[in-house]
Amino acid sequence: MDQFSAALDRLLSRVIPEYQSLLSCEQLTAGASQETYKICLATGSGELNLALRRAQPAMAEDSSIGSISLSTEAKLFQMASNAGIPGPAVVHVLVPDDDLGSGFLMQWLDGETLGHRIVHGEEFAAVRPGLAHACGVILGRIHQLDWQAVELDVDIPCADPAAVVEETWSRYRDLNVPVPMIDYCWRWLRENLPQQARRALVHGDFRNGNLMVGKQGINAVLDWELAHIGDPVRDLGWLCVNSWRFGARELPVGGFGSREDLLAGYAESSGVAVTDQELAFWEVFGSFWWSMATLQMANAWRTGETPSLERPVIGRRSSEAQMDCVNLLIPGPFTIPQQQAVSDGTRLPMPAELLTGVGEFLKGEVAASVDGHNKFLARVAANSLGIAQRELQYGAELAHREQQRLENLLDQTADLDTLRWELVNRLRSDLPLDTPGLAQHLRQTVAGQLSIDQPRYSALN
């Protein structure tokens, strides 16, 4: 028995009644700072499954992948459970004498967490119509939790709407890349801040993908790492962001329901009527935040902070969230490149053909010959090659058109990067958001980039 298993065995013998033996311990995830395990053990009453969440051994003693500690996350799970919010019961919070680092043991629950399956799976067809209302009811309960009674503001951040907008924009600015649509959104958000926002415990990542759904409905609210004290409508807006609809764009709440059902459920449990204007602000903010966060993850990969095959591909998802902002703030017509055959050109084979061949090999033969995480990585690698292939096919022409639009908009001639920075700097100062040609330029530029990064994303349809 290795050191980890031995420490886990000793812990279970202390905290689990009738504990007999550890049957298995399967690592499910290994993120940048956190691990998740499924543990199966034998007791005098039969087999029992538990989940263990703990910080990576190399991380700080009390660390989490969000802005709060794992011990604080355990406290949030306990508070939620006591208030009738569905989720796992916490069995034990790790202490130094456990020799397992920072983390906690909790009840194992069965259900589906993959958002695409929840939206499209036939087995959830009967429960999907009620999920939006149920989400509203649950969020109403979360936002009524008495965080002041337990002085939760000592353990988790507090931020008003203006502060979270500025913090998000500051993180993007620190990346030192010119992305005019992000600066445009920042300006819009600053000019449309909510008036007299409430203060409540905010889950921070309440969305399809962090909800466990079974055949009877929502079994659990998971992943409290981004919890904070702030405007509770942020949770409602985040649930409506297009990124979490998994292709079902016509159903704005998680891809499974309507805003009307969500707000009705929320009013039912909280007694608070949220306006369409309040919800719209936080839906825009959600896509603004995600467009920044994906770039931030790609930068962490570039610097070597979090080596990963997936992170650079996630970075290219920024254009998805930017296009969602376009459709929310400056909707209108745009064109994307007409599809070309990968063999177009006079070389045999063309570069796009080479990349296509390798991508098909990864998605086909390689993915079929490996299991689990490696199968996933083979598909990620194929997606990465697909982006590079489309960049080769369409990137030069799109860049040429972008440069022409910028020269007309800014009334100056320069290389493309210089022009992008000029537009960014003007947006950061006093360029009116209704400047003629600005909306059309941003709409066309983001749509063109998205046609390279993810041409099947629903915002292009």
* Structure fact -> Square roots of five times the C-alpha gyration tensor eigenvalues of the range 191-340, ordered largest first and given in whole Å, equal 27, 20, 17
* Asked: Near LYS363, which lysines are there with a Cα under 24 Å away, not counting those fewer than 8 places off in the same chain?
  -> LYS375
* **Debye log10 I(q)/I(0) at q = 0.14, 0.16, 0.22 Å⁻¹ for the range 206-289, Cα point scatterers** => -0.47, -0.62, -1.23
* **Calculated FRET efficiency for the pair ALA267/ASP344, C-beta based, R₀ 56 Å, to 0.05** => 0.50
* **Long-range tail of P(r) for the range 66-163 (Cα pairs > 22 Å, %)** => 47 percent
* Structure fact -> Expected unfolding gain across ARG190-ASP174 under the 0.36 nm per residue rule, minus the alpha-carbon gap, is 3.9 nm
* Per residue, how much space in cubic angstrom lies within the convex hull of the C-alpha atoms of the range 115-298? -> 122 Å³
* To do: Hey, could you grab the Kirkwood Rh for the range 256-369? Inverse mean 1/r over distinct alpha carbon pairs, Å, one decimal.
  => 18.5 Å
* Residues in the range 5-21 that a label on ASP99 would reach, taking backbone N under 16 Å of a point 7 Å out along Cα→Cβ -> 5-15
* Could you work out how far apart the two model spin labels at LYS38 and GLN148 are, taking each label as a point 7 Å from the Cα in the direction of the beta carbon, and quote it in nm? => 4.3 nm
* Which log10 I(q)/I(0) values, to two decimals, does the range 129-191 give at q = 0.13, 0.23 Å⁻¹ under the Debye formula with one point per Cα? -> -0.64, -0.91
* **Unit Cα scatterers, Debye sum, the range 304-461: log10 I(q)/I(0) for q = 0.15, 0.18 Å⁻¹** => -0.93, -1.17
* Tell me, what are the semi-axes, in whole angstrom and largest first, of the equivalent ellipsoid of the chain as set by the roots of 5 times the Cα gyration tensor eigenvalues? -> 40, 29, 21
* To do: Find how many whole Å separate the alpha carbon centroid of the range 327-377 from the alpha carbon centroid of the range 133-186.
  => 35 Å
* Structure fact -> Cα-only Rg/Rh for the range 250-318 with Kirkwood Rh rounds to 1.19
* Structure fact -> Percent antiparallel among DSSP beta bridges confined to the chain, nearest 5, equals 95 percent
* To do: Would you pull out the residues with amide H under 5 Å of THR306's amide H, same chain only if 5 or more places away, H placed 1.01 Å from N?
  => TRP301
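Values quoted throughout were computed directly from the atomic coordinates according to the rules given, and no laboratory measurement underlies them. Being a predicted model, the structure only gives us computed values, none of them experimental. Every residue, glycine as well, gets a Cβ built from its backbone with ideal geometry; the counts of neighbours run over all protein chains shown.
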